[in-house]
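The values are calculated or read from the model by the stated rules, or taken from the named source; none is laboratory data. Given the structure is predicted, the values throughout are model-derived calculations rather than measurements. Please note: Cβ atoms are built from the backbone with ideal geometry, for glycine as well, and neighbour counts cover all protein chains shown. Please note that ligands, DNA and RNA were not included when accessible areas were found on the heavy atoms of the full protein model with its side chains. Shrake-Rupley method; radii C 1.70, N 1.55, O 1.52, S 1.80 Å.
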Amino acid sequence: MLKVAFSPIFLYQVPEKHRFPMQKYRLIPERLIQEGTLSEANFFAPKKLTEAEILTTHTAEYWEKLRTQTLSRKEARAIGSEMTPELVERGRYIAHATYECALYAKQYGISLNVAGGTHHSFADHGEGFCVFNDVCIASNLLLNRGEAHRILIVDLDVHQGNGNASIMADEPRVFVFSMHGEKNYPFRKPPSDLDIELPNDTDDETYLTQLKQTLPQLIVAHKPDLIFYQSAVDVLATDKLGKLSLTPEGCKQRDDFVLRQARDNNIPIAVVMGGGYSEDVEDVVEAHCNTFRLSKQLFFA
Ligand SMILES: [Zn+2]
C-alpha cells in the first residue's frame with residue numbers, strides 16, 4: 001500500500017503574493033486522486049510532534065520562542081512568513097508526518113509526504129520558509145527508538161540543506177548528501193557529508209551524470225537502512241529561484257533513478273517534497289505528481 005501523508009493543516013493561507021506556492025499542497029492530492037494514481041485510501045492523517053520530540057533536535061530556547069510566539073521580527077523575517085500559532089502547529093504535523101512516512105517506508109518500501117523537506121531549519125532558528133527541520137527530527141526519532149541505524153539523506157532541492165548539514169554535523173549515523181546550485185541561497189553553506197555544487201544553467205545530462213556517478217557509491221559506502229529523499233522541483237528551468245535548467249523529463253528521470261536505487265537495494269525510502277517556484281504553479285504540481293506516479297509504478301506495479 002502506498003501511504004501518503006496529508007492533512008488539511010498543510011494548506012496554510014499565506015498572502016497572495018507570497019513566493020511560496022502553498023496551493024500546491026491542495027493541487028497535488030487533488031490531481032493524483034482525479035487521475036486515479038491514488039485514492040482516498042492511500043492518504044493518512046499524521047499526528048503532531050510532542051514537545052519532547054521537538055527537543056530531540058531543536059533547542060529549548062527556540063522552541064520556547066515558537067511556543068510563546070516571541071520570535072523577534074528579525075527571526076521571523078528569516079523564516080519569511082509572519083509567525084502565527086497556526087504556522088507552528090502546521091510544522092509540528094508536517095515533521096511528524098515525515099517520521100510516520102519513514103515507518104511506512106519500512107513496511108511498504110516507500111512512503112511520501114505531500115509536504116516536508118524543511119531543510120533550512122537549524123537547531124536554534126528557522127530560515128527560508130522552514131520552522132522545524134522535519135527530516136532531522138524524523139532521523140533523530142528513528143535513531144533514538146532503534147527504528148533505523150544508518151540513514152542517508154538525499155537532498156536534491158536546488159538550495160543547499162544548510163539546516164540538515166548543521167544539525168547532523170556530528171552525527172555519523174546520518175549521511176547528508178546535498179546536490180544544489182553553487183550560486184544560490186543559502187550563501188553560507190555549512191558542509192554536508194557530501195556537497196555537489198552545480199553551476200548556473202546545469203542541464204539534464206550534466207545533472208543526471210553527476211547523480212548517477214555519486215548515489216550508488218554512497219549507498220555502498222554508508223550502507224543506509226533508510227533513505228530520506230528530498231524531491232524538490234526547484235531544479236526546473238522554469239523555476240524563478242532555481243537558476244538550473246532541468247526539463248520536466250530530466251526531473252522525472254532524476255526521481256526515477258533515486259527511487260530505483262532504493263528499491264533495487266531494498267532500502268526503505270521516505271520522500272518529502274521541498275521547494276518549487278515555477279511561475280506557473282502547473283509546472284510545480286505536474287513535476288511533484290511525477291514523483292508520486294513513479295513511486296506507484298516502481299513499487300506497486
Ligand atoms: Zn529549494
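Some points to look at:
- Members of segment 265-275 found to be on the phi < 0 side of the Ramachandran plot and not in a strand (DSSP E or B), listed by number: ASN265, ILE267, PRO268, MET273, GLY275
- The helices (runs of 4 or more DSSP H) located wholly in segment 1-116 that include 1 or more residues which are hydroxyl-bearing (Ser, Thr, Tyr) occupy 24-34, 60-67, 85-108.
- Residue within segment 219-241 that is among the acidic types (Asp, Glu) and either away from the ligand (no atom under 16 Å from the Cβ) or modelled with pLDDT under 95 (or both) present: yes
- Selection count, segment 272-285, where residues are crowded, with 22+ Cβ neighbours inside 10 Å and away from the ligand (no atom under 15 Å from the Cβ): 1
- In segment 178-195, the residue that is surrounded by the fewest Cβ atoms within 10 Å (Cβ to Cβ) out of those that are within 15 Å of the ligand (Cβ to nearest atom) and not in a loop (DSSP other than H, G, I, E, B) is ASP195.
- Among the candidates ALA102, ALA78, ALA115, the residue that is in contact with a strand residue (DSSP E or B) (Cβ under 7 Å, 6 or more places away or on another chain) and open to solvent by less than 20 Å² (accessible area, probe 1.4 Å) is uniquely ALA102.
Residues checked against (1) in a loop (DSSP other than H, G, I, E, B); (2) closer than 20 Å to LYS183 by Cα; (3) open to solvent by 10 Å² or more (accessible area, probe 1.4 Å); (4) within 14 Å of the ligand (Cβ to nearest atom):
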| residue | (1), (2), (3), (4) |
| --- | --- |
| VAL135 | no, no, no, yes |
| LEU142 | no, no, no, no |
| GLY146 | yes, no, yes, no |
| ILE153 | no, no, no, no |
| ASP157 | yes, yes, no, yes |
| SER166 | no, yes, yes, no |
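- PRO268 vs. criteria crowded, with 19+ Cβ neighbours inside 10 Å and away from the ligand (no atom under 14 Å from the Cβ): yes
- Checking ARG260 against (1) more than 16 Å from the ligand (Cβ to nearest atom); (2) free of Cβ contacts under 8 Å to residues at least 40 places away in the same chain; (3) of a type outside the set (Val, Ile, Thr); (4) within 22 Å of SER139 (Cβ to Cβ), the condition it does not meet: (4)
- Tally of residues being within 16 Å of the ligand (Cβ to nearest atom) and surrounded by 23 or more Cβ atoms within 10 Å (Cβ to Cβ) across segment 123-133: 4
- Tabulated pairs, segment 219-239, first free of Cβ contacts under 8 Å to residues at least 60 places away in the same chain and open to solvent by 10 Å² or more (accessible area, probe 1.4 Å), second within 15 Å of the ligand (Cβ to nearest atom) and assigned to a strand (DSSP E or B), C-beta under 9 angstrom, 6+ apart or interchain: ALA237/LEU246; ALA237/SER278; THR238/SER278
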